[in-house]
């Protein structure tokens, strides 16, 4: 299995003319809008082999390959994308775009507000999951793709994939919703609240009222990340990986410095995150997740909201995922089956918690590969 | 069932003479040491009816009754303690003391360091669970109680109850260990780390290096509490209590203000906690919990460490408690049974998560009442 090699990103900007601005759920409009994206593989002549891959909270458009010869780290789903890999670039044309509201190339709170010439920061309008999908649809039109063969995402990416099925039923042949949910639980909303509170109580954030520039609210963002990171793991995987192992010493230091390996690991995760992610974007994107409720328009009735979807579905959960528990996926599957929709469901036995969607490459890869082949064959047969 | 009525607290101070200082696991000595405690009921002539109740992280010595006629809130376990209640004050003499390292009357980091005439703060020595128990033993000697009929505690209180059985096997007739564990898991250590980090990154804490006086590190402490509070509830109970219910409006505000009821609830919990608890005490007590490992001296072998206990045991867990999961209790029970110890175990079916040990009053009350009667009868028979 090969690598897609050296890749580059593209920026597509629309809505420079306000008449083409992106309409948002909050009632405001966003203009202009830039979407950063990457593509791997080649679009076939019939334009029937395009797949949209959607990233999770802290992801970006760089899903596979390297940006230069000296680049040591490949894209975030490199193990899944490439020649002969599950997202086989010999067969499929893969698109991955950075969500709006983010900080990795697409328009977000740290972009320049054309009305002020300064960064939006808190003047940036609230973004929802359907808004993100609406922006992706603009990119789809720009790329002249009539229908996605598959829209796939894990976690927040899975929310968007599900939203695609509802908002654009004729433009998605199939959906792969991995480790995701139809609405965020009370517990997850609570964790998000604490994370945002840590950011918005950070002294730098308070001092600048979110208009930080050189000095960053990094303590708050690190706390938010460390907290979230615990929810991505499982009790079992943490016990296996760290247990109560001490760092260097044979005994406790009897103070508040790092003693346990898990403390060291968390601190590291917090620090690395601050280097690559923005605090205000964290506020906006977690809020989008809080607000996500696939069945909001049908008053919470999931079966009713999924009645008109036309895609085939692959739904995958992981046994030890307590943030987006298997029950969330089962609820989606049940609603789809009640509607007699074509759905493949698998609850993968894994100890890796929510992170499993990035770690269980082999099992997930096989599932995805088989599902895509089946969808692809049927499309070719009908062509 | 009645109330113990108006109660008052007592302060017992020892170790004013350094030769009687409290020896601590960290190698240091604490002197003097004050222990705040309350008692309910009457010690019988044979001194065989004394029960020690041990509080959890944020508890105190005021377990039952009221401090004055105008007091509106009773002690923290009032539903369980009083005439004809499970801890029946017609039959038993109840003692509840505040742990050392705390901020509710017993010596802790906010006490005056006699060597400097100022508050200890970070100069306070690290405290462990066995240290807390050693201090309680001094109180026991002062009260001339030869043997506890029962030592009982939930959560951190349960850790201390277990430690009593090991450190003073001849001085405890029985142990009730509720919603607790023999060692803190990696996940719990991780949550504690994030909570302490929030406190120690609070601008007031940073500015004063923990020697805060009028201005308090309340943002950090509130974040720590909100985070911990989520871990005390269960996903299920949060969904039942709050779900995705909005506060007042029919729709989202599309900003970062409180929208969901669960956000409002968490903020309230954080604010109330800051009024009654101290940030440095939070650091010390969570560290004591991190360090707790009942089987540390037997290299993690729980069976070996429980081989010499002489008490009867009541072990109780709650089905939806994911912080101190039923498995923790089952491990303890298994180790006790391997040693042929007398143990009653019950995993109570409850949706309230870890908080169930304070909420499942009826079921837990019946279990405790029956267990105590059985232990009490046997003691009277042997007398």
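Results, tabulated for the structure shown:
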quantity	calculated
Selection from the range B:293-304 of residues that are closer than 17 Å to residue B:180 by Cα, more than 10 Å from every other protein chain (Cβ to nearest Cβ) and outside any helix (DSSP H, G or I)	B:294, B:295
Matching residues in the range B:178-192 - criterion: being farther than 16 Å from residue B:317 by Cβ, touching a strand residue (DSSP E or B) at 6+ places or on another chain (Cβ under 9 Å) and either more than 9 Å from every other protein chain (Cβ to nearest Cβ) or touching a residue at least 40 places away in the same chain (Cβ under 8 Å) (or both)	B:189
Residue that is nearest to the chain's Cα centre (by Cα), among those in the range B:250-278 that are surrounded by 15 or more Cβ atoms within 10 Å (Cβ to Cβ) and more than 12 Å from chain A (Cβ to nearest Cβ)	B:277
Checking residue B:112 against (1) free of Cβ contacts under 8 Å to residues at least 60 places away in the same chain; (2) under 18 Å from residue B:21 (Cα atoms); (3) in contact with a helix residue (DSSP H, G or I) (Cβ under 9 Å, 6 or more places away or on another chain), the condition it does not meet	(3)
Pairs with Cβ under 9 Å, 6+ apart, first in the range A:285-304 and crowded, with 20+ Cβ neighbours inside 10 Å, second modelled with pLDDT under 95 and in a helix (DSSP H, G or I)	none
Candidates A:134, A:110 - the one that is touching a strand residue (DSSP E or B) at 6+ places or on another chain (Cβ under 9 Å), part of a helix (DSSP H, G or I) and at pLDDT 95 or above	A:134
Qualifying residue in the range A:84-92 (condition: closer than 18 Å to residue A:21 by Cβ and in contact with a helix residue (DSSP H, G or I) (Cβ under 7 Å, 6 or more places away or on another chain))	no
Tally, over the range B:27-53, of residues that are over 26 Å from residue B:154 (Cβ atoms) and within 14 Å of another protein chain (Cβ to nearest Cβ)	3
Meets criteria (within 9 Å of chain B (Cβ to nearest Cβ), free of Cβ contacts under 8 Å to residues at least 24 places away in the same chain, closer than 30 Å to residue A:288 by Cα and part of a helix (DSSP H, G or I)) for residue A:229	no
Some residue of the range A:178-188 being in a strand (DSSP E or B) and closer than 26 Å to residue A:300 by Cα	yes
Residue ID - nearest to residue A:327 (Cα to Cα), chosen from residues in the range B:235-247 that are touching a residue at least 24 places away in the same chain (Cβ under 8 Å) and more than 8 Å from chain A (Cβ to nearest Cβ)	B:236
Matching residues in the range A:12-27 - criterion: being modelled with pLDDT of 95 or more and crowded, with 16+ Cβ neighbours inside 10 Å	A:12, A:14, A:21, A:22, A:24, A:25, A:26
Only one of A:85, A:91, A:73 that is farther than 22 Å from residue A:175 by Cβ and either over 15 Å from the mean Cα position of the chain (by Cα) or without any contact (Cβ under 8 Å) to a residue 60 or more places away in the chain (or both)	A:73
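This table checks each residue for (1) assigned to a strand (DSSP E or B); (2) modelled with pLDDT under 95; (3) surrounded by fewer than 23 Cβ atoms within 10 Å (Cβ to Cβ); (4) not assigned by TED's automatic domain parsing to the domain that holds residue B:61.
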{"position": "B:79", "(1), (2), (3), (4)": "no, no, yes, no"}
{"position": "B:84", "(1), (2), (3), (4)": "no, no, yes, no"}
{"position": "B:100", "(1), (2), (3), (4)": "no, no, no, no"}
{"position": "B:127", "(1), (2), (3), (4)": "no, no, no, no"}
{"position": "B:138", "(1), (2), (3), (4)": "no, no, yes, no"}
{"position": "B:152", "(1), (2), (3), (4)": "yes, no, no, no"}
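Table: residues versus (1) within 19 Å of residue A:357 (Cβ to Cβ); (2) touching a residue at least 40 places away in the same chain (Cβ under 8 Å); (3) part of a strand (DSSP E or B); (4) over 18 Å from the mean Cα position of the chain (by Cα).
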{"site": "A:45", "(1), (2), (3), (4)": "no, no, no, yes"}
{"site": "A:48", "(1), (2), (3), (4)": "no, yes, no, yes"}
{"site": "A:64", "(1), (2), (3), (4)": "yes, yes, no, no"}
{"site": "A:68", "(1), (2), (3), (4)": "no, yes, no, yes"}
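For (1) modelled with pLDDT of 95 or more; (2) within 30 Å of residue B:251 (Cβ to Cβ); (3) not in a loop (DSSP other than H, G, I, E, B), each residue gets a yes or a no:
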site: A:307; (1), (2), (3): yes, yes, no
site: A:332; (1), (2), (3): yes, yes, yes
site: A:340; (1), (2), (3): yes, no, no
site: A:375; (1), (2), (3): yes, no, yes
site: A:380; (1), (2), (3): no, no, yes
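The values are calculated or read from the model by the stated rules, or taken from the named source; none is laboratory data. Keep in mind it's a predicted model, so treat the numbers as computed, not measured. Using ideal geometry, Cβ is built from the backbone for each residue, glycine included, and neighbour counts are taken over all protein chains shown.
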